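All remarks here apply to the structure that follows.
The values are calculated or read from the model by the stated rules, or taken from the named source; none is laboratory data. Computed from a predicted structure; not experimentally measured. When we count neighbours, we look across all protein chains shown, and the Cβ atoms used for this are built from the backbone with ideal geometry, even at glycine. With ligands, DNA and RNA removed, areas are computed over all heavy atoms of the protein, side chains included. Shrake-Rupley method; radii C 1.70, N 1.55, O 1.52, S 1.80 Å.
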Amino acid sequence: MIDYLASAQHGKNFTGKVVLVTGSSTGIGEGIAKLFALLGARVVVTGRNVSRIQSVAQDVQQLSPQKLMPLQVVADLRVDADIERLVKTTIDAYGRLDVLVNNAGIYPVDTIRDDNFMSHCDDVFQTNLRPMVKLVNLASPYLQKSKGNVIDISSVAGIDPPATQLAYGTSKATVMQLSRVLALELGPLGIRVNTINPGAVAVQHIVEEFAGALDVVVPQTPLRRYALPLDIAKAAVFLASDDAAFITGTNILVDGGLEWNYPAKIQCYTR
Ligand code: NDP
């Protein structure tokens, strides 16, 4: 009984654990990296924007109880060699990997009638989906050793997509299916795989680009607010922790109970 309670108590202590969060140069990924650092993890901050990575890394170091400077890796996840370097650099620096958070993504507005729809579609799938598959492929030997886990960031749009986000909604539905299938394959190796479906999250460029979009969502949300990156980070920490030791192949909606209605969906994502 005492062991059982102790494991629950220490479930969210990530001291000594290594957490790689893609898309951690800003937004939700930045929030996830910071919370893991606060809980003692050694984190990897990555993205394409060098100055953003450096800025997040400084904050992460301040939050880390041991004042650990995180590993910083500039990588474009559309490039296979960059993904390979990201994993190799992580293992070279830390010697292990415990948690892989596949968070990086883009969510442009599109319709099938756009002239450039196909190239646009390729870009969404190459950013939102393909890197997840390759990263899990490269990381799984290390996750097997650490009995680690993978968290894939999907979206409520993966369940109930707006008409104006064909490529995005499809990519995020596929992320959920990917997680479920990977959970089946990797579970027997001791690796858990789960998905988070955020609702509208107030990240910097949504606030700037989709002025008013977040306000449209609030009345549709029973909890009457939009999410902050920390709301998603808390779910990620739970799924990565020992508290979720028997949870795999599932998805958690972190959306305040969001109830889309059609006009809200249109307004939310129409520029
Ligand atoms: P942001 O645009 O704020 O951040 C996206 C992150 O992904 C950045 O760190 C960016 O890094 C990185 N990224 C994008 N493209 C690439 C690439 N080719 N190579 C490497 N890194 C890349 O987005 P959010 O934080 O809002 O979204 C994060 C995830 O959450 C996404 O998967 C998104 O679909 C999902 N989501 C977001 C919601 C929201 O309301 N914000 C709602 C539901 C889901 P850099 O610019 O440095 O390359």
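Descriptive notes on the structure:
- Other residues whose C-beta falls under 13 angstrom from the C-beta of G40 contribute a net charge of +4, scoring Lys and Arg +1 and Asp and Glu -1.
- Between helix 117-128 and the chain there is an angle of about 20 degrees, using the helix long axis and the longest principal axis of the Cα atoms.
- A93 paired with T111, simple spin-label distance in nm, labels 7 Å along Cα-to-beta-carbon: 4.4 nm
- FRET E, pair N13, D122, Förster distance 45 Å, beta-carbon r, rounded to 0.05: 0.60
- In order along the stretch 64-71, the phi-based Karplus estimate (6.51 cos²θ - 1.76 cosθ + 1.60, θ = phi - 60°) of 3J(HN,Hα) comes to 5, x, 9, 6, 7, 6, x, 5 Hz; Gly and Pro are listed as x.
- Tail fraction, Cα-Cα pairs, the chain, threshold 34 Å, whole percent: 15 percent
- Positive minus negative residues near F117 (Lys, Arg vs Asp, Glu; Cβ under 13 Å): -4
- Length added when fully stretched, S146-R130, from 0.36 nm per residue minus Cα-Cα: 3.4 nm
- Relative contact order of the chain, defined on C-alpha pairs under 8 angstrom at six or more residues apart (%): 19 percent
- Just the protein heavy atoms count here, and of the accessible area of the stretch 10-268 at 1.4 Å, carbon and sulfur take up 56 percent.
- Here the dipole of the stretch 10-268 is about 860 debye; that uses its Cα centre as origin and unit charges on the Cβ of Lys and Arg (positive) and Asp and Glu (negative).
- Largest to smallest in accessible area, the residues I232, I159 fall in the order I159, I232 (1.4 Å probe, all protein chains included).
- Accessible surface, 1.4 Å probe, highest first, among residues F117, F246: F246, F117
- Extension gain for N137 to D82 (0.36 nm times residue separation, less C-alpha to C-alpha distance): 18.4 nm.
- On a per residue basis, the chain carries 47 Å² of accessible surface, using protein heavy atoms and a 1.4 Å probe.
- With Cα atoms, 0 to 90° folded angle of helix 50-63 axis to the chain main axis: 50 degrees
- Bridging of K234 to lysines at a Cα separation below 19 Å is possible for K12, K17, K34, once same-chain residues fewer than 8 apart are set aside.
- Exposure rank, largest accessible area first [K147, K67; 1.4 Å]: K147, K67
- The percentage of C-alpha pairs in the stretch 1-126 whose separation is greater than 17 Å is 61%.
- Helix 229-240 axis, angle to the chain major axis (alpha carbon atoms, nearest 10°): 50 degrees
- Sum of side-chain charges, N149 neighbourhood, beta-carbon under 10 Å (Lys, Arg +1; Asp, Glu -1): +1
- T174 contributes about 50 Å² of solvent-accessible surface, heavy atoms of the protein only, 1.4 Å probe.
- Accessible surface of V216 - all protein chains present, 1.4 Å probe, nearest 10 Å²: 30 Å²
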